[in-house]
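Below you'll find the structure, written out as C-alpha cells, and then a few comments.
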Amino acid sequence: MIFQNMEFYNAAEVEASPAGYRIYRFPKEVRETMGEGKERYGRYVSQTTAGCEIRFVTEGDRTLISLSSLDEDGYVQIFRGDFQYYSGYTYSFPVKRGQMTHIMLQNNRAMDEAAPPLKKGAFSHCVWRILSDINFILTFQNIETFGYQIRPPKPEEVPQKTLLCYGTSLTYGACATAHSISYSQLLGRFLGCNILNKAMGGSCMNERTVADYFAGGGEHFDAVLLENAVNMSDMPGAYEKNTSYLLERLTKAFPDIPIYCVTAYPNASIAEGESAFPCRKKEAGADRFQGDRIMRKLAEKYSSCHIIEGEQIMDCFTDLTVDLVHLSDYGHIRVAQRLAEENHF
C-alpha cells in the first residue's frame, strides 16, 4: 500500500496512534478473528510486522527515518535494492520499545555509477528498503528528505512476481539471526520475487477469514507457499476443515496460480528415533500429528496444488536449533535453496 508517498510493503493497513503509525499485515476484520478453539495467540502475532518493508526512492544525499516499537525491542535491516546497507558500524539497526529511533541513511553516489544493469527479478539499487524483524510491532514516525522529493518504487524497479508465504514459525522466520536470512526472504532472493510473509508463528490456524482475505483480492500474488500447519497438531478435525476451505477458496479464485503445499519439516516430536541423518518422519497416524496425511489428501483434489515433502527439503537434524524444532541459520539457507529448486513459477 502507498502511504505518504512511500510503499508500505506486506502491509494491509496503516493506522495512526499515539505511538506512531502502526503497520498491519492483516486487516482489522481478519486480525480480530484469529484463532481456533482456545488458541487465540494469532490475534497478537497478526499485529507483528514480520517481513514488512518501507520502500521509497529519493535523490537526496541523506534521508533521516524515525521509527519506534510498540511492544518489544526489535530491529530493522536496510537495503538499497538488493545491496545490504552498512552504516559504518552495523548492518542491523535496533529499534527500542517506547523510544524514538532515528536512522540516517546516506546515499553512496558511487553506486549510481558502478551499479550493474538491473537483472530480471532484482530490485533497482535506487530503492531504499527498511525491512522489519519478526517479533515486534514496528511503528513509523517520520521521514525527512531535506527538501528532496520522495516517491514509491515504480513497478519496473522491483521484482515483477510475488510469492505469498503462509505457515508456522519456520516460515515466519523464527530463530534466524537476521530476518534477511530467514528461508522465506532467501527464497525471494533465489527466485527473484517479492515475498508476502503472512506466516503466523505459533498460531497458523488456516482460519476461514484468512482464506477469504487471500482469495478476496486484497493482496496480489503469483504463487503460494503453504507450509503445513503443525500448530494444529492437536486439532486434526479442525485442521482438515480449515485447510479444505483454504484450498477450495484459493483454487477457485485463482485457478492458474500454483500452490506449493509443504508437509511438516522434521522435528523431535514427529521424527523416528535414531534418524538424525537423513531425517525420517513417523508413519502417518503413528503419533498425534496427522497433518501430512490430511494435506496430501486435500491437495490431490486440485491440479494447481503441488505437494513438497518436508523431509526432502530439511533432511538433517543439524539444520535445526537446539530445541530440535526451529531452523538454524544454516537450516534456513538449506531450506531456501531446496525450495527454490522445487518452485517453478
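Given axes a ≥ b ≥ c from the Cα gyration tensor, I'd like to know whether segment 102-187 is rounded (a/c under 1.5), prolate (a/b larger than b/c) or oblate. Intermediate values should be presented prior to the final figure.
Values: a/c = 2.05, a/b = 1.35, b/c = 1.51.
Oblate is the answer for segment 102-187, as a/c is 1.5 or above yet b/c matches or exceeds a/b.
Hey, can you grab everything whose amide H is under 5 Å from the amide H of LYS281? Only 5+ residues off in sequence or another chain; H modelled, so Pro and N-termini drop out.
Long-range HN contacts for LYS281: GLU272.
Check ALA12: other-chain or 5+ apart residues with amide H under 5 Å from its amide H, H built from backbone geometry?
TYR24, ARG25, PHE26
In debye, nearest 20, what is the charge dipole magnitude of the chain about its Cα centre with +1 on Lys and Arg Cβ and -1 on Asp and Glu Cβ, if you could check?
400 debye
Specify which labelled value, from (i) 94, 36, 35; (ii) 68, 56, 43; (iii) 64, 39, 39, agrees with Cα extents along the principal axes in Å derived from the coordinates of the model shown.
(iii)
In sequence order, what are the phi-derived ³J(HN,Hα) couplings for segment 53-66 according to the Karplus relation 6.51 cos²θ - 1.76 cosθ + 1.60 with θ = phi - 60°, rounded to whole Hz, with x for glycine and proline?
Rounded to whole hertz, the list is 10, 9, 10, 7, 10, 8, 8, x, 6, 9, 9, 10, 10, 10.
Where the only charges are on Cβ atoms (+1 Lys, Arg; -1 Asp, Glu), what is the dipole of segment 143-236 about its Cα centre, to the nearest 20 debye?
Working: 6 positive and 9 negative charges, 36 e Å.
With only Lys, Arg, Asp and Glu charged at Cβ, the dipole is about 180 debye.
For MET100 paired with SER328, estimate the spin-label separation in nm (one decimal), with each label point 7 Å from Cα along the Cα-to-Cβ line.
4.3 nm
Among MET232, ILE65, ASN343, pick out the residue whose Cα is farthest towards the positive end of the charge dipole of the chain, where Lys and Arg carry +1 and Asp and Glu carry -1 on C-beta, about the Cα centre.
Working it through, the farthest residue towards the positive pole turns out to be ILE65.
In the neighborhood of PRO278, defined by Cβ-to-Cβ distances under 10 Å, what is the net charge if each Lys or Arg adds +1 and each Asp or Glu adds -1? Spell out each step's value before the answer.
Details: positive: ARG280; negative: GLU311, ASP315.
Here the count lands on -1.
Tabulate in residue order the Karplus-calculated ³J(HN,Hα) for segment 219-233, using 6.51 cos²θ - 1.76 cosθ + 1.60 with θ = phi - 60°, rounded to whole Hz; enter x for Gly and Pro.
Karplus values, whole Hz, x for Gly and Pro: 10, 9, 7, 10, 6, 10, 10, 10, 7, 3, 7, 5, 5, 10, 4.
Give me the accessible area per residue for the chain, probe 1.4 Å, as a whole number in Å².
43 Å²
What number, in percent, do you get for the relative contact order of the chain if the mean sequence gap of Cα pairs under 8 Å and at least 6 apart is divided by its residue count?
For the chain, the relative contact order is 16 percent.
Report, in debye and to the nearest 20, how large the dipole of segment 38-150 comes out about its Cα centre when Lys and Arg carry +1 and Asp and Glu carry -1 on their Cβ. Show your work: numbers first, answer last.
Values: 12 positive and 12 negative charges, 63 e Å.
Magnitude of the dipole: close to 300 debye.
For HIS332, HIS306, give me the order by solvent-accessible area with a 1.4 Å probe, most accessible first, ignoring ligands, DNA and RNA.
Ranked list, largest accessible area first: HIS306, HIS332.
What does the charge count around GLN99 come to, taking other residues whose C-beta lies under 14 Å from its C-beta (Lys +1, Arg +1, Asp -1, Glu -1)?
-1
Enter the accessible area of ARG151 (Å², nearest 10), with the probe set to 1.4 Å and all protein chains included.
Probe radius 1.4 Å; accessible area of ARG151 about 70 Å².
Give the percent of DSSP beta bridges with both residues in the chain that are antiparallel, rounded to the nearest 5.
In the chain, approximately 70 percent of DSSP beta bridges are antiparallel ones.
In terms of modelled amide H atoms, which long-range or inter-chain residues lie less than 5 Å from the amide H of LEU196?
Residues meeting the amide H criterion: LEU163, LEU164, CYS165.
Quantify, in whole percent, the carbon and sulfur part of the accessible surface of the chain (1.4 Å probe; protein heavy atoms only). It would help to have the intermediate numbers written out before the result.
On the way: 7490 of 14940 Å².
Answer for the chain is 50 percent, counting heavy atoms of protein chains only.
Accessible surface of MET295 in the full protein assembly, 1.4 angstrom probe, to the nearest 10 Å²?
Its accessible surface works out to 0 Å², give or take rounding.
From the residues SER304, ILE2, ILE270, which one has its Cα farthest along the dipole of the chain in the positive direction, the dipole being from +1 and -1 charges on Cβ of Lys/Arg and Asp/Glu about the Cα centre?
About the Cα centre, the residue reaching furthest to the positive side is ILE2.
Using +1 at the C-beta of Lys and Arg and -1 at the C-beta of Asp and Glu, which of PRO155, CYS126, MET104 has the Cα lying farthest in the positive direction of the dipole of segment 85-166?
PRO155
So how much slack lies between GLU72 and LYS119, counting 0.36 nm per residue of separation and subtracting their Cα-Cα distance, in nm?
Going from the current span to full extension adds 13.2 nm.
Which of rounded, prolate, oblate describes segment 161-236, given a ≥ b ≥ c as roots of the alpha-carbon gyration tensor eigenvalues and a/c under 1.5 marking rounded, otherwise prolate only if a/b is larger than b/c?
Oblate.
Per residue of the chain, what 222 nm ellipticity follows from adding -39500 (n - 2.57) for every DSSP H run with n ≥ 4, rounded to the nearest 500?
Details: 10 runs with 80 residues, N = 345.
For the chain, the value works out to -6000 deg cm²/dmol.
If we count every other residue with Cβ under 10 angstrom of PHE79's Cβ, Lys/Arg +1 and Asp/Glu -1, where does the sum land?
+1
The values are calculated or read from the model by the stated rules, or taken from the named source; none is laboratory data. Fair warning: this is a prediction, and the values are worked out from it, not measured in the lab. When we count neighbours, we look across all protein chains shown, and the Cβ atoms used for this are built from the backbone with ideal geometry, even at glycine. For the accessible areas, the whole protein counts, side chains as well, though only heavy atoms, and no ligand, DNA or RNA atoms are used. Shrake-Rupley method; radii C 1.70, N 1.55, O 1.52, S 1.80 Å.
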